[in-house]
Amino acid sequence: MKTQDMRSDKLILILLLLVFAGCKKLDQMPEDTATRDVLFDRTQGLELYSNSFYDVLPTAGDIIRGDAMADYSVRSQVPDFLVPGAFGPRQSDGWDWAKLRNINYFLENNKSSMVSESDRNHYNGLARFFRAWFYFDKVKRFGDVPWINKPFKVDDPALYSKRDARMLIMDSVRADLQFAANNIKTTLDKTGSLITKNTVWAFWSRVALFEGTFRKYHPADRYKGTETKWLEDAAIAAQKVMASGTFSLNMSGGTDMAYRQLFISETPVTTEVILSNVMNASLNVLNDANWWWTSATYGSRVSFSRNFVNTYLNIDGTPFTSHPGYQTMTFMEEVKGRDKRLQQTIRMGNYKRLNGGKQEAAPPVFSYTYTGYQPIKWALDDVYYDGGTRNTNSVCIIRYAEVLLNYAEARAELGLITDADWAMTVGALRRRAGITGNTDFLPTVVDPYLKSKYFPDIMSPVLPEIRRERGIELAFEGFRFYDIVRWHAGELMEMEWNGFYVPELDKAMDLNEDGVADVIFTQHVPADKDKIAGVTYVNVAPALAGGSVNPQQLSNGTYGELTWLKTAQRKWEEKHYLYPIPEKDLSKNNDLGQNPEW
């Protein structure tokens, strides 16, 4: 009997491999009854089929690069999306539906009486969870989209009719998540790679917070009065995860390493990581985080802006910007005594890298960074990983810290947040980061820096602090662009790209204070510059050879903050809150209609 079962499982696997290898187009799902029976008459078939749904999740690369377009990301070039006249329906993409058809085909055919109803519902719950994820991504990007809940072919009328309203789509997403939460049986996953009930609740808190705040801060009349139920959902869903007792903030490594361990560990830290893209060197499942975050040519050379680094608190919980003269502090001064997530997110202090088995000092490298605030969050410390797709660190998709922030923000938006809520969410995250003050009680004063630079229209002293915390805790995890979208704060994308303060020209700066000069800013790069070992000369002259404007300068000419691409226009307009429907798709169906102003 065991041999027969093994043969049956192999047959199912072979059929599924044939199905998924051959189904490259929307009209290529299997129609043969015998094939469907093998797939749907056994729980093994359902389980193997359900593995294909995971393609809906973001890849490791999607997350690693997810904040390349964000207010705090200074990069080699301005994204076309923000350059007037450079982006439109012709450049847009993302209007693809193949993964939805795969899910709907499963839901249509998972009806066999040979499988128990609870098992069928479990796998239907998985399918509907992934359908909710698929549609949430579509709504964030395009707003109104067609709601399709059945299998379809490339010429299906459902793809060639008008779009359905966002509100209908999101109500359907909510129904799918409710079914998934009620029917998925899995409650614990030590691998960090499978969907459990807690995964559903955690994702639901993300979806509901996005939709609730989007409706609150966007002025359309159709949203008025509808945001409350979504914010309530966000708080309830987050609280379900919190009350389960399954997750906690990682504290291994103490305040100096507990945060970064989440992003450089090969095995997901499943005490905190709820869902992850798990890497496996033996199976050659790897990512290219080091290549992206250390290469002068491969990636976009993304670094933090100084405006954002200023939001990291002092270790005592007070704002860094409350320091007199913070504007003219050098890099060496400003990074001291700060929230310990800063030292776990950028190169600073005594950060070192491993090169051929030897520890070497690794200050910011100006062949990569334009601002001096060079990220290390996803990059492994061994230089071996820098060239190519070699990284073995798993990449988290959902973690408990986000759930805590979702809860805090939803409760604050509802006007219900308490000191206890604060202490177990934002306060807990700050304590993990080594912050000693202001972690137990709600803030009572609006921080003037946040108000002037980031959120001028927010009167509450609590919400800006939650947004501060969210920006810092989730930096470079792919949240920032859509946080800005849902807050209706797109103007932040126009903030100056600034870097650390340089007090004078032609004076060597020892960025990690190890007694060795690292960088010299000058308007006259010497011909023998390569003879000074380890020192990088950065040309900040206003004009380059041939008369072109230098993209990297000092704000006051011979001193001041580094600036990058100061004259390059970045423009945010109301239309940017949604992407345009791609031209090639709109040409096939004019009834889709284009998003406003595109």
Would you mind calculating the gained length between ALA220 and SER282 on full extension (0.36 nm times residue separation, minus the Cα-Cα distance), in nm to one decimal? 17.2 nm
Can you work out the FRET efficiency for the pair GLU504 and SER587, with r the C-beta to C-beta distance and R0 = 45 Å, to the nearest 0.05? 0.20
Assuming R0 = 45 Å, what is the FRET efficiency of LEU188 and THR418, from their Cβ-Cβ distance, to the nearest 0.05? 0.90
Could you give the distance between the Cα centres of segment 521-545 and segment 138-205, to the whole Å? 54 Å
List the residue ranges in the chain for DSSP H helices whose C-alpha atoms run 18 angstrom or more along the long axis and whose Kyte-Doolittle average is 0.0 or above. 2-22, 166-183
Lys, Arg +1 and Asp, Glu -1 on Cβ, resulting dipole of segment 541-598 about Cα centre, debye, nearest 20: 220 debye
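State the extension gain, in nm to one decimal, for the chain segment bounded by LYS451 and ALA533, taking 0.36 nm per residue of separation less the distance between their alpha-carbons.
25.1 nm
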Mind checking the dipole of the chain: about its Cα centre, +1 per Lys or Arg Cβ, -1 per Asp or Glu Cβ, Debye to the nearest 20? 760 debye
Once the dipole of the chain is set up with Lys and Arg at +1 and Asp and Glu at -1 on Cβ about the Cα centre, which of MET167, SER248, VAL502 lies farthest towards its positive end? MET167
Quantify, in whole percent, the carbon and sulfur part of the accessible surface of segment 186-232 (1.4 Å probe; protein heavy atoms only). 56 percent
Please work out the average accessible area per residue across the chain, using the 1.4 Å probe convention, and give it in Å². 41 Å²
Roughly speaking, what is the stretch gain from VAL549 to LEU354, that is 0.36 nm per residue apart minus the C-alpha to C-alpha distance, in nm to one decimal? 66.4 nm
Estimated distance in nm for a label pair at MET459 and SER76, the labels positioned 7 Å out from Cα along Cα-to-Cβ: 4.7 nm
How far is the Cα center of segment 93-128 from the Cα center of segment 333-394, in Å? 43 Å
From a point 7 Å beyond the Cα of THR522 in the direction of its Cβ, which residues of segment 339-367 have a backbone N at a distance under 17 Å? 366-367
Placing +1 on each Lys and Arg Cβ and -1 on each Asp and Glu Cβ in segment 550-598, then taking the dipole about the Cα centre, the residue among PRO551, GLN569, GLN594 whose Cα reaches farthest towards the positive end is PRO551
I'd like the accessible area for LEU354: 1.4 Å probe, protein heavy atoms, all chains in place, Å² to the nearest 10. 50 Å²
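In the neighborhood of ARG306, defined by Cβ-to-Cβ distances under 14 Å, what is the net charge if each Lys or Arg adds +1 and each Asp or Glu adds -1? Please list the in-between numbers first.
Details: positive: ARG338, LYS453, LYS566; negative: ASP71, GLU333, GLU334, GLU496, GLU561.
Taking every Cβ under 14 Å from that of ARG306, the sum is -2.
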Going by Cα centres, segment 444-499 and segment 220-247 are how many Å apart? 21 Å
Between MET332 and ALA165, the FRET efficiency computed from the C-beta separation at R0 = 56 Å comes out, to the nearest 0.05, as 0.55
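The values are calculated or read from the model by the stated rules, or taken from the named source; none is laboratory data. As the structure is a prediction and not an experimental result, all values here were calculated from the model. Glycine gets a Cβ as well: all are built from the backbone with ideal geometry, and neighbour counts include every protein chain shown. Heads up: the accessible areas ignore ligands, DNA and RNA and are worked out on the full protein's heavy atoms, side chains in. Shrake-Rupley method; radii C 1.70, N 1.55, O 1.52, S 1.80 Å.
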